[in-house]
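Visitor: Got a structure here, written out as C-alpha cells. Questions coming.
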Amino acid sequence: MKTAIENSGFKFVVGRLTLNLAPVDVKKEGPNFDLPIAVGILAVREQIVAKDLDDYAIVGELALSGEVRSVNGVLPIAICARDQKKRGLIVPADNAVEAAVVQGIDVYPAKNLREVAEFLAGKRNCNRFARIPPGFSRNNAVTMSISSMSKARSM
C-alpha cells in the first residue's frame, strides 16, 4: 500500500493508523479492498479532500505502481452499491463492462490511484461508463461473474 501511494505521487505519512473492516461477520479476502483502503488513507491523512467520498463505492486491486488492476465479483458489488443508493461505483477499467450491466448506478472506470484521487477531489472529470458494448448482454455479465468467482475459489 505504501509503495502504491508513493508511486502515485502522494506522501505516505508515517504514524499510527487503525483500519476498521467492520462488520466482522462479513468475509473479507483478496485484493478488492486495496483501492478503497488507499483512498481512505489519503483522505484521513488529508492528502486529498473528498467531500463526497461516502457517495461512492470503490473496488480494485492496486499494483505497486499505483495502477488499478481488475478484481473478481464486480457484478454483485455493483448491485449492492445500487441498492445502497450510492451515486457511483469506481471500478478497475477492465471491470467496467461487467459493472455497467447493473442499471441505476453510474460506473466510473479507473486506471490508477492518482486518477481516482483527483476525481474524488473534483480535480479531474472522469467519464462514466455509459453503455454496454454491442453483443454484450446481462447474461454475459452474469456468466463472467460466475466464471471469475469459480476461478477465485479454485486458487
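The values are calculated or read from the model by the stated rules, or taken from the named source; none is laboratory data. Just so we're clear, the structure is a prediction, and the values are computed from it rather than from any experiment. Note that we place each Cβ from the backbone using ideal geometry, even for glycine, and neighbour counts take in every protein chain shown.
Visitor: Every residue in region 50-76 that is among the β-branched types (Val, Ile, Thr) and touching a residue at least 40 places away in the same chain (Cβ under 8 Å), please. Give the steps one after another, and end with the answer.
Guide: Restricting attention to region 50-76, the residues satisfying the condition of being among the β-branched types (Val, Ile, Thr) are 58-59, 68, 71, 74.
Matches in region 50-76: Ile58, Val68, Val71, Val74.
Yes or no, residue by residue, for (1) modelled with pLDDT under 80; (2) not polar (S, T, N, Q):
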site: Ser8; (1), (2): no, no
site: Thr18; (1), (2): no, no
site: Lys28; (1), (2): yes, yes
site: Pro31; (1), (2): no, yes
site: Leu35; (1), (2): no, yes
site: Ala38; (1), (2): no, yes
site: Gln47; (1), (2): no, no
site: Asp54; (1), (2): no, yes
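Visitor: Follow-up question, since we're still on this one. Taking Lys85 as the residue in question, decide whether it is basic (Lys, Arg) and either touching a His at 6+ places or on another chain (Cβ under 6 Å) or free of Cβ contacts under 8 Å to residues at least 24 places away in the same chain (or both). Steps first, please.
Guide: Details: basic (Lys, Arg): yes; either touching a His at 6+ places or on another chain (Cβ under 6 Å) or free of Cβ contacts under 8 Å to residues at least 24 places away in the same chain (or both): yes.
Yes.
Visitor: Can I ask one more? Is it the case that some residue within region 84-102 is crowded, with 17+ Cβ neighbours inside 10 Å, in contact with a strand residue (DSSP E or B) (Cβ under 8 Å, 6 or more places away or on another chain), more than 22 Å from Val14 (Cα to Cα) and basic (Lys, Arg)?
Guide: Taking every residue of region 84-102 in turn, at least one turns out to be crowded, with 17+ Cβ neighbours inside 10 Å, in contact with a strand residue (DSSP E or B) (Cβ under 8 Å, 6 or more places away or on another chain), more than 22 Å from Val14 (Cα to Cα) and basic (Lys, Arg).
Visitor: Considering only residues of region 103-116 that are of a type in the set (D, E, K, R) and in contact with a strand residue (DSSP E or B) (Cβ under 7 Å, 6 or more places away or on another chain), which is nearest to Leu53 (Cα to Cα)? Don't jump to the end; show me each part of the working.
Guide: Going through region 103-116, the residues of a type in the set (D, E, K, R) turn out to be 106, 111, 114-115.
Next cut, in contact with a strand residue (DSSP E or B) (Cβ under 7 Å, 6 or more places away or on another chain) only: 106, 111.
Values: Asp106: 15, Lys111: 18 Å.
Only one residue tops the list, namely Asp106.
Visitor: Oh, and also: For region 20-31, state whether one or more residues are hydrophobic (A, V, I, L, M, F, W, C), touching an Asp or Glu at 6+ places or on another chain (Cβ under 9 Å) and outside any helix (DSSP H, G or I). Full working, then the answer.
Guide: First, the residues of region 20-31 that are hydrophobic (A, V, I, L, M, F, W, C): 21-22, 24, 26.
Now narrow it down to the ones that are touching an Asp or Glu at 6+ places or on another chain (Cβ under 9 Å): none.
So far as region 20-31 goes, no, none of its residues is hydrophobic (A, V, I, L, M, F, W, C), touching an Asp or Glu at 6+ places or on another chain (Cβ under 9 Å) and outside any helix (DSSP H, G or I).
Visitor: Looking only at residues in region 103-145 that are surrounded by 13 or more Cβ atoms within 10 Å (Cβ to Cβ) and in a loop (DSSP other than H, G, I, E, B), which one is modelled with the lowest pLDDT?
Guide: That would be Ile132.
Visitor: Could you please give the count of residues in region 1-36 that are surrounded by 19 or more Cβ atoms within 10 Å (Cβ to Cβ) and closer than 13 Å to Gly66 by Cα?
Guide: 6
Visitor: Which condition number does Asp55 fail, the rest of (1) in contact with a Lys or Arg (Cβ under 6 Å, 6 or more places away or on another chain); (2) buried (at least 17 other Cβ atoms within 10 Å of the Cβ); (3) of a type in the set (D, E, K, R) being met?
Guide: Single failed check for Asp55: (2).
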